[in-house]
Structure formats: structure tokens, C-alpha cells
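Any read-out appearing in this document is the output of simple, stated calculations on the displayed coordinates, not a laboratory observation. Just so we're clear, the structure is a prediction, and the values are computed from it rather than from any experiment. So basically every Cβ, Gly included, is an ideal-geometry build from the backbone, and we count neighbours across all protein chains shown.
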Amino acid sequence: MELDPVLLSRIQFGFLITFHIIFPAFTIGLAAWLTVIEATRQVTGREIYRRLFDFWIRIFALSFGMGVVSGIVMAFQFGTNWSVLSEQTGSIQGPLLGYEAFTAFFLEASFFGVVLFGRDRVPAWFFLFACAMVALGTTASSFWIMANNSWMQVPVGHAIVDGHIVPVNWREIIWGPVFKIRWLHMLLAAYLTTATCVAAAGAWYLLRRVHVPEARLMLRWGLGLAAVVIMPQMWLGHLNGEYIGEHQPSKFTAVEGRWETEAPARLVLFAWPDAAAEKNHFEIAIPKLGSFVDSLDFESSQPGIKTIPRDERPPILIPFFGFRIMVGLGVLIWAIAWGGVVLILTGVVERSRLFLWATFLNFPSGFVAIIAGWFVAEVGRQPWVVFGILKTADAHTPTLTGGQVLGSLIGFAVVYLIVYGFGFAYLYRVFRVGPQSAPTPVPGATGARPLAGAGRLDDPSQPMED
Amino acid sequence: MDLATLQHFWAGIIAFAILVYVILDGFDLGVGMLFAFAPNERWREQMHASISPVWDGNETWLVLIGASLFGAFPMVYAIFLSAFYIPVTLLLFALIFRGVSFEFRHQDPAHRGLWDWGLIVGSAVATFVQGAAIGTMVEGLVVVDGRYAGTGWEWVGLFPILCGFGLMVGYMLLGACWLVLKCRGAVYIWAGDLIRPLLLGVLVFLGIAFVYALWSRFAVMARWVDLPWMAVLPATGAICAMLLYARGGQVRRDWAPFALVAIIFLAAFATLAASFWPYMLPFSVTVAEAAAPRSSLAFMFWGCGLVAFPAVLIYTAVVYWIFRGKVKTGAGYGH
Ligand code: HDD
Ligand code: HEM
Ligand code: HEM
């Protein structure tokens, strides 16, 4: 059988970026939250914030480390597997990635060393500054990468000269019609993910009746933040839907899952779309609601998938289900966050074991929603890599053979299995042990050493050997 | 600003970034390889403490090089990475194992050996690939119509492999000098004793590589005949090498060996660049051919070049300053 290098490269890219996004999804919010905790501690002087910081910094250190190594892989994927894309759009994507490296990656990487190792070497204000710089770095990173990807989704501000894409107006390229909404949607998604994880950790400790004072704070902060963020997030999601309706009808119709143009249009809640037969099986739909959701008007006409030529349709199943998973999880997060706030205000939250279990088990929701959202955006963009300009199949490195890509894909799978297998196990272990009130004593070379992230930070009692 | 200035500006920034990368990540890759020879955990801890706050920032220079090439010279980015598909993939595997080993070895004493080998093998493979890539580039890549048209296997040649091993010795030399700068006691003495043999290895290798380049590439030879004053570059390196050899590890100032090796690397790199300028990929793609359109170069110039780049230099320096002096090891690393 002939191996298709393009298909394999697509699988490889999807696999690598999916693994990568798990970590930014978490570290963007966590970096900001750690800065807030540190600031609170410096202002109030309360030790509990120090314990919270020392605990979450260990989680952060592990996640950040895995985020960095999986991110470095991404930075080279464009050239190795998509060399035609790099060469054609390098004049636009390259400077954006360049800005990311210059303004974001260096901030993160340099100040991360200070946050992790420098607490007793710098004054308190500088330590706080370093935390803030790490947070700023992760946020700047999301800014540039979303600008980049938004240009791929809705390319504007360029001209095509001799078959090459040449940037003309950088303001338009960066602040394109979809960027602002998508960036905010991504940022809030990251905050939601952090918030649900913090709340889940708090709920877990409360269920086990350990670390109760810290757990209370985590639960409150986590649920409170999620409750505040989830509503604007849903609104931004709606705006996202509006823009794809306007700019990417092929993605929009696939997400909506209606084959025929309808007026008024139904809202397809569930179905099994069949691309070959061009119809839905097992459909559950609500009349008129589709028109309302798409245009806030119960009677409007909405296009169907059949309006798109067959060879410009994306694979339907992934965007269709990805969207429903994302929205479903959004509703779940909303229910838990708002329910939790009510329980907190009425003072019964710590007795509602059922609710604590739900909050605990909710920890993966943010991650899954983010991955689902990205699958909607990226698979829905197919068959284009740069929408309307360059097809994915034409963007591939021409000299690559199927065997080479298969080899690298298997290699990455094995490496990630080992590295992330251990990594997730370590994360679990740190979560399981929980915040420590006193610095861990150091029992010789064989026993459990203080963890890399925090044990060393606050331990003046440790012997200095010179 | 005119187009040629912009092109040269970015070629200069990238050359500078490569140099900084080689010297900074060079020492931590070198220390990673030297890990293999450290006899016990006390030593390893000290060695580790000397690189752990800075390695991530050092490696970021590699990302910066990749991203700047992508932005300023997309053609080179595309050709280079498609020509080196397999080695770059190996490099990425190596960087993954190496990167996580820093956190993981402290999380999990039971598997510390595994992560230490991750650091050692990761450092070795990453270095080898970089050396082999330079060797392959000196030999020349097949480029047709601005696209790479080779087999993807050019890097498995005698010369590239030689360069791979040569760079391993070179980075270990940098690593040993870094340990002299940052460590005390037994590690300090051990690292000092390594300087002479490693330096000899580097010189033998550089000599072979230089002669080979002159002999196999007439264009290079012609350039050296035309511009004999360029000989100051290798000569500077040679003088530093002599100074370093004379002293070995017996130095009054612990920063001296590192500074001398840094100059040797600078001289070797400048010699290489001078041999091929204005080609970015030797004798197939020039700086001007590879450059992105003016609007891309200018856009990067104002923000990245004039604002962000100096800022990066400043806070890199600040971070090194914060962690200045000998490492103190005891219990937690970094103390
Ligand atoms: C919205 C967020 C987001 C998205 C969509 C991506 N990244 Fe990322 N990336 C981050 C947010 C981020 C981050 C939060 O800034 C990370 C995670 C952990 C870290 O150290 O920084 C990061 C790390 C990171 C690094 C390592 C930086 C370092 O050395 O410190 C590289 C090279 C990339 N990324 C490159 C990419 C590429 C090429 C992507 C797309 C194809 C990509 N990232 C998607
Ligand atoms: C971070 C979360 C992201 C996820 C989970 C994600 C997911 C995916 C998936 C699943 C594919 C394969 C689609 C297919 O072939 O059907 C893909 C392709 C691709 N995406 Fe993304 N993506 C993400 C972010 C980005 C970003 C930020 C960029 C650009 C800067 C990007 C650029 C690309 C490119 C170049 C391809 C390969 C060509 C293609 O198949 O379209 N992606 N992505
Ligand atoms: C509940 C209502 C929500 C709606 C209506 C909604 C809508 C959308 C739409 C239409 C897209 C596709 C945008 C594109 O193709 O470019 C998208 C993408 C995405 N969504 Fe949502 N979303 C919702 C909730 C969430 C939640 C709760 C999360 C995460 C916690 C999330 C995370 C993402 C991410 C990461 C992307 C990909 C990035 C992007 O394209 O902007 N979404 N969303």
C-alpha cells in the first residue's frame, strides 16, 4: 500500500499540536493566577498564600516544562512537513512567529528561571515582577499565535505577487476581522481551564478532608473565577459562530449540520451526518431555533452544506461533533460554577459531597473543550490550510516520503508516550500529596527529596555547602 | 531604509543569535554530556545546579533562530528543515528528553538514572545533529528552483559525521570551562583537568575541517586567496587556543577559560561565515535571494530588531547576573 505523506503529516501535526495545547491551556491561566497569589501574599502577609504558591508552582513547573518541549517541536513543524506553506506564507507567518519568539518566549523562559530558583536571590518586589513577566510572556504568546492562526483562517492585508504572498498592511493582518474575538475566546478558555482545575483540586482535598484551609481557598477562587468568565466566554463563542457564518461558509454549514438551505432553519442538536448520502441519520432538531441562534431572528434563511461544492467541503463529522462537545462542556462548566457560587453563598458547599464530586470530576472539561474547539476551527477549515488561498495538499514538503513521515510519527508517539506518561504520573503525585505546610525535610540522598519546583524555594534551614 | 540594509541587518541578527546560541546552549549541552562521566550524585548535583536556572533561556535562542529565519529568510527555513527532516526530528526527540529531565529527575528519585541518561543522550544527540547539519551545509545542498531537491540523507556522509563528533568535543570543552567558572572542590579540579585534552580534540578537528573545506570547495579557496587579511580570524582563535592550552585549568581567574573558549568559537564561526558570505546556503542561495519581501523585513526590524532584541539582551544579562558566582549546593538544587 502506498503511504500518503500528506495525510500522515496532517495526523502528525494534529497529534503534536493537540499535545502542545494541553499545556498552554493550563499555564496561561496558572501564570496569571500565581502572580495574583504572590501579590496577595505580599500585601496581606498571610502564610497560607505562600503555601498555595509553593504548591501551584510545582504544578506549573511540570506543566510549563512539558509545554516548552512540545512547543519547540511545533516551531519546526512548519518547515519540516509544510515547507511549501513556509515558503509561500513565510513572509507573513514568519514575522508573526518571530515576534512571538522575541517578545514572548524569551520573557517566559528567562523569568521562569528566576521564579523557580531565584526567590532568595532577589528582592520581593523583583520576584513578583518576575512572576508577572512569566504571565505576560504566556499571554503575549497566545496573542501572536492567535494572530497567526487567525490570518490562516481569514487571510487579509496581503497581495499575491508572482505567486508569492506578500504582506501589505500589517495592522490589518494582525487585527484582522476575526482575531480579537478568537484571541479573547482562547484566553478565556485558558482561564476557565485553570479555574476548573483549581476548583477540582480544592474539591478533591475537601472530599478527602485534607489541607482544608487551602482547599477552601482553591474551591472559592476556582469556582468564582469560572462563574465570572463562563458567560462572556459563551457570548464570545456566539460571536465566533457569527464570523464563521460570514467568512467561512464551508465550516459554518458543517458545524450547523443542515444539508439543505432552510428558512426558517432548524437547530440540529444531534445527528449522524452521512457525507456520502448527503443527509443526517438519527437527527434531533428544534424548528426555528437555528435561525435564531445564527442571526437572532426566528425567520431568517440559513444556507445548507449542499451550497458548498463537494471538493471544498471539510470532513463533516469532526467539526460537527467537536462543536457540540465544546458547547456541551461550556454548559456543564456554567452549571457547576454558578451552582457552586450559590452553594458557597448559602454556606452549604462543604457538606454537599455530590457537588464536590461533580466539581472534582469536572477537571478535564476545560482541556477537552479547548481541544474540541481547535478541531472545529482547524478541521473545519479544510481542505484549505490558508483559507481560500492555499490547499493543505499543496502545502506539503514535496521531497518527503510516506516512510519518513510514518517513521517520525511513530517516533513522536513513542517519545510522547514515555515522556508524558511519566509527566502525568508526576503531576498526579504532586496533586495527591497536596500543599505542604512546612518545607519538606531532606532525608539524605535516597529518600523523597523536595520536589524540583518548590521544596527548594523556601528552605533556609538547608545546609549550605561551600 | 533600503532593502539591502534590511537584509544585512537580519542576516547579522541571525548570525549573532547563532553565535550566542552556540556559546550559551553549547555550555549546557556540554555539561549535559559531561554528566556521563560524573562519578556520584554530589558531583551531578553541582553540575546540574550550574545550568538549571539558565538552560531554558539558552535553548530559546534556537527557537529565535528558527523563527527569525522563518520570518526574514523563509526560503532558507523551508530548505533547511526539509533537507534535514530526519536529523531535525532526532534533534527534537533529544530536546524533549533533555528538557523534561531537569524537572523529572527531582520528581522521581527512583527513576533518576533514566532521566540522567535522558539528559546525557539528549545532549549528545542534539549536539551531534547540529554539527552534522553544519557539515552538510558546507558540502552544499541540492537546491532546484529555490526548493530542496535532495534525498534527505546527505547528512550521513563522512564529513558531516566528523563535524557532528567535532562539535560534541567542542561543546564539552565549553561545558568544562563553565564548570570551572561555576563549581568548587572536586568538580572544579576535574573540569580544569579536562580542558587540555578537550581543547586538543577541538583543534585537531577544526584543522581537518578547514583543510577539507579549502580542498573540496574551490570557491572557498579562491576567497581566502583574494582576501588574505581574513586570516586574522583563524589567527585570533589560534592565539586564544595557545593561551588556554598554556594554562589549562590552572587559572587565577575562573572566568578566563570560558572567555577564551568563547573567543575560539567566535573566531571559528566568523571564519566559516567569511568563507561563504554572501551565501546563506553555501553556493546555492544568497542572502538577497532568500530574503522575505521588504514589508516583512521592515515590520520585524522596528519591533523585534529595535525594541525587543535589546530588551532580550538586557534581561538575559540580568538573569545571568542574578545567578552569578559559584553555585551553592546542599540540599535543594539552586541554593
Ligand atoms: C493560545 C496559546 C498557544 C497556542 C495556540 C500555541 N502555543 Fe506554543 N506556547 C504557548 C501558547 C500557545 C505558551 C503558553 O506560551 C507556552 C506553553 C508553555 C510555555 O512555556 O509557553 C508555549 C510554548 C511554545 C514554545 C516554547 C517556548 C519556550 O521555549 O519557552 C514554542 C516554540 C511554541 N510554543 C510554538 C508554538 C507553535 C508553533 C504553535 C502553533 C502551531 C503553538 N505554539 C500553539
Ligand atoms: C493549539 C491548538 C491547535 C489544535 C488542537 C490544532 C489542531 C489541528 C488539527 C487537528 C489539524 C489537522 C487538520 C486536518 O488535517 O484535518 C491541524 C492542522 C494544521 N493547523 Fe492547527 N491546531 C491548533 C493550532 C494551530 C495554530 C495556532 C496554527 C498556526 C499558527 C495551526 C496551523 C495548522 C497547520 C499549518 C496545519 C497543517 C495543515 C492542515 O492540515 O491544515 N494550528 N491543526
Ligand atoms: C458555550 C458556548 C460556546 C460557543 C458557542 C463556542 C463557539 C466556538 C466556535 C464557533 C469556534 C470556532 C471558531 C473558528 O472556527 O475559528 C470555537 C473555537 C474554540 N472554542 Fe469555543 N465556544 C463555546 C464555548 C467554549 C468553551 C467553554 C471553551 C473552553 C473552555 C472553548 C474553547 C474554544 C477554543 C480553544 C477554540 C479554538 C480557537 C478559536 O478558533 O478561537 N469554547 N468556539
Inset, instruction - With the condition kept exactly as written, say whether any residue in segment B:13-20 is closer than 29 Å to B:ALA298 by Cβ, among the hydrophobic types (A, V, I, L, M, F, W, C) and within 16 Å of ligand 1 (Cβ to nearest atom). - result: yes
Inset, instruction - Could you list all residues from segment B:64-75 that are of a type outside the set (Gly, Ala, Ser) and buried (at least 24 other Cβ atoms within 10 Å of the Cβ)? - result: B:LEU64, B:LEU69, B:PHE70, B:PHE73, B:PRO74
Legend entry - A:VAL134 vs. criteria within 16 Å of ligand 3 (Cβ to nearest atom) and either under 19 Å from B:GLY303 (Cα atoms) or out of contact with any Cys (no Cβ under 6 Å at 6 or more places or on another chain) (or both): no
Inset, instruction - Would you be able to say whether some residue in segment A:117-133 is within 16 Å of ligand 2 (Cβ to nearest atom), assigned to a helix (DSSP H, G or I) and among the aromatic types (Phe, Trp, Tyr)? - result: no
Inset, instruction - Would you please list the contacts, defined by Cβ atoms under 6 Å and residues six or more apart or on different chains, that run from a residue in segment A:155-166 that is on the phi > 0 side of the Ramachandran plot to a residue that is hydrophobic (A, V, I, L, M, F, W, C)? - result: A:GLY157/A:VAL168; A:GLY157/A:ILE173
Inset, instruction - Scan (1) away from chain A (no Cβ under 12 Å); (2) within 20 Å of B:TYR188 (Cβ to Cβ) for the single condition B:SER50 breaks and write down its number. - result: (1)
Inset, instruction - Would you point out which residue out of B:ALA38, B:ALA78, B:ALA72, B:ALA67 is more than 10 Å from chain A (Cβ to nearest Cβ) and small (Gly, Ala, Ser)? - result: B:ALA38
Legend entry - Any hit, segment A:371-394, residues being more than 16 Å from ligand 1 (Cβ to nearest atom), free of Cβ contacts under 8 Å to residues at least 12 places away in the same chain and not aromatic (Phe, Trp, Tyr): yes
Legend entry - Residues satisfying the stated conditions in segment A:269-300, i.e. surrounded by 13 or more Cβ atoms within 10 Å (Cβ to Cβ) and not in a strand (DSSP E or B): A:ALA275, A:GLU278, A:LYS288, A:LEU289, A:GLY290, A:SER291, A:PHE292, A:VAL293, A:ASP294, A:SER295, A:PHE298, A:SER300
Inset, instruction - Inspect segment A:29-50 for any residue being within 14 Å of chain B (Cβ to nearest Cβ) and either surrounded by fewer than 23 Cβ atoms within 10 Å (Cβ to Cβ) or within 22 Å of the chain's Cα centre (by Cα) (or both) and give the result as yes or no. - result: no
Legend entry - Residue list for segment A:135-178, filter: among the small types (Gly, Ala, Ser) and either assigned to a strand (DSSP E or B) or over 30 Å from A:THR27 (Cα atoms) (or both): A:GLY157, A:ALA159, A:GLY163
Inset, instruction - Report, ordered by the first and then the second residue, all pairs with beta carbons closer than 7 Å, sequence separation of six or more or different chains, a first member in segment A:77-90 that is over 9 Å from B:PRO74 (Cα atoms) and more than 8 Å from every other protein chain (Cβ to nearest Cβ), and a second member that is within 13 Å of ligand 1 (Cβ to nearest atom) and not in a helix (DSSP H, G or I). - result: A:LEU85/A:VAL385
